[in-house]
Amino acid sequence: MATKPAAKPAAKAPAKAAAAKPAAAKAPTAPTIPMSKLIAEIAEMHGLSKKAATELFSDFVELTVKNLKKGNKVRLTGLGILQVKKRAARMGRNPATGEAIKIKASKKVAFRVAKDLKEAV
């Protein structure tokens, strides 16, 4: 029974290394902290049950969304400001075909970082 010779992985490695971006350009990704972990820490810090802390946080999010829908700015002292900004209609390009397309006007939520947070990070 004849076996096929193994492919030479070393021959392909230099070609990939030349095409790849430099290692310095890739920053290590920081871990993502889930909301449940933050809620658990807040509950422990303030002697609350996790259920009570979850309800408080849910109410906070609900109030924030409600105020943003009204067009209000939401200032979180030490963190920053959330606000809704309007984006005007504009012309763009379809990247696949290069064809000009019209992009509708829209709204977006913008976050402006507080000076304290910017300096801390």
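Structural remarks
- Extension gain for PHE60-ALA40 works out to 5.6 nm (0.36 nm per residue, less the C-alpha to C-alpha distance).
- Of LYS86/LYS118; LYS69/LYS102; LYS86/LYS108; LYS66/LYS115; LYS37/LYS69; LYS69/LYS108, pairs whose Cα-Cα distance is over 18 Å: LYS86/LYS118; LYS69/LYS102; LYS66/LYS115; LYS37/LYS69
- Here each label is just a point 7 Å from Cα along the line to Cβ, and for ARG90 and LEU68 those points are 2.0 nm apart.
- Amide H to amide H distances under 5 Å link GLY80 with ALA114, where only residues 5 or more positions off or on other chains count and H is placed in the peptide plane.
- Maximal additional length on extending the LYS102-ILE33 stretch stands at 21.0 nm, based on 0.36 nm per residue less the C-alpha distance.
- Residue-level accessible surface for MET35, protein heavy atoms, 1.4 Å, Å²: 100
- Taken one residue at a time, the phi angles of the range 113-121 give Karplus couplings (6.51, -1.76, 1.60, θ = phi - 60°) of 5, 5, 4, 4, 5, 4, 6, 6, 8 Hz. Gly and Pro are set to x.
The values are calculated or read from the model by the stated rules, or taken from the named source; none is laboratory data. Bear in mind the structure is a predicted one, so any value in this text is a computation, not a measurement. Every residue, glycine among them, receives a Cβ derived from its backbone with ideal geometry; neighbour counts consider all protein chains shown. Just so you know, the surface numbers come from the protein's heavy atoms only, side chains and all, with ligands and any DNA or RNA stripped out. Shrake-Rupley method; radii C 1.70, N 1.55, O 1.52, S 1.80 Å.
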